[in-house]
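A quick write-up on the structure given underneath.
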Amino acid sequence: MPGKWPDTQFRREIRDFNREFLELVCTDTRPGSAFGLPPTVRQRLALLAPAQLEVIAATPCLLAAFVVLPPRQLPLAVAEDPGSGPGLRVNPAIAPRTPEQAGAQAESARLFAASLLTWLWHTTRQDRLLAALCIGPGRLGVEQLASAGFRDLQRAAAGGMDSLEARFCRHPRLWPDLVRAASRADAQVLMATQLSVVQLTLISRR
C-alpha cells in the first residue's frame, strides 16, 4: 500500500468492514448489550435507514475491534466457558429466540471476525503505519500479529468472535454522537465525531 493516509482503497475496505459490523449489531436480536454497545444505542442504530448507516460506516477508522488482539487469547476464569467472552455469548438468559437465529448470528459474527483478523494480519505485513492506525499505538500488537504464522492465525480466527466488540464502546459519548449525527444529517457534528474517532485511535490501543 502507498504510504499515505487515507488511501482510497484502504478507506473503502474500512468502510466495508464498518458496514458489515453495523449489520451485525443491527440484526442481533438479544436483549441487553451486544458487542459492548448498550441497548439504547443498538436500538437507535437499528432504526436508521441504510443511507444513514452508510454515513456512519464512512468513518475513516475501524468501528470493530478485538478486546485482546488474537492470536493471544483471554484466559478463562474458573466459571467461564469458551463462549463467555465479550462477543456472542452462550447464555440462555440473553440468547436469541430460536436456535436457528442463534446459529445464524454466531456464524455471521465468526465469519466477520475471521475476515477482519485476516485483513489486519495482511495489513501489518504490508504497512505498519496503517496497521497501527487500525490496531492502536504501540508496537506490541502490530508486531505480535505480523509475526503470527498462518496456522496460528487459523486457530485464533476460530475463537476471534469471542473477543469482538464495538471499538471505543466504553466511551460515554462517541457512539451516541455518531448515531445522532447520522439520524439528524448533522454534517458538522458528524465530522467532529469522526475526527474524535481518529484521535482516540492515535492514543488508544484499540
Legend entry - Anisotropy class of the range 164-206 from Cα gyration tensor, a/c 1.5 cut: oblate
Legend entry - Karplus (6.51, -1.76, 1.60) ³J(HN,Hα), θ = phi - 60°, over the range 116-121, in Hz, Gly and Pro reported as x: 5, 4, 5, 5, 5, 4
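At 0.36 nm per residue, and after removing the present C-alpha to C-alpha distance, how many nm does the segment from Thr118 to Arg173 gain when stretched out fully?
16.8 nm
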Legend entry - 5 angstrom amide H check on Leu37, placed H, neighbours 5+ away: Ala166
Legend entry - Among 145-154, 120-129, the order from most to least packed when residues are scored by Cβ within 10 Å on average: 120-129, 145-154
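Every number here is computed from the coordinates shown, using simple stated rules; none is lab data. Since this is a predicted model, take the numbers as computed values, not measurements. All Cβ positions, glycine included, derive from the backbone under ideal geometry; neighbour counts span all protein chains shown.
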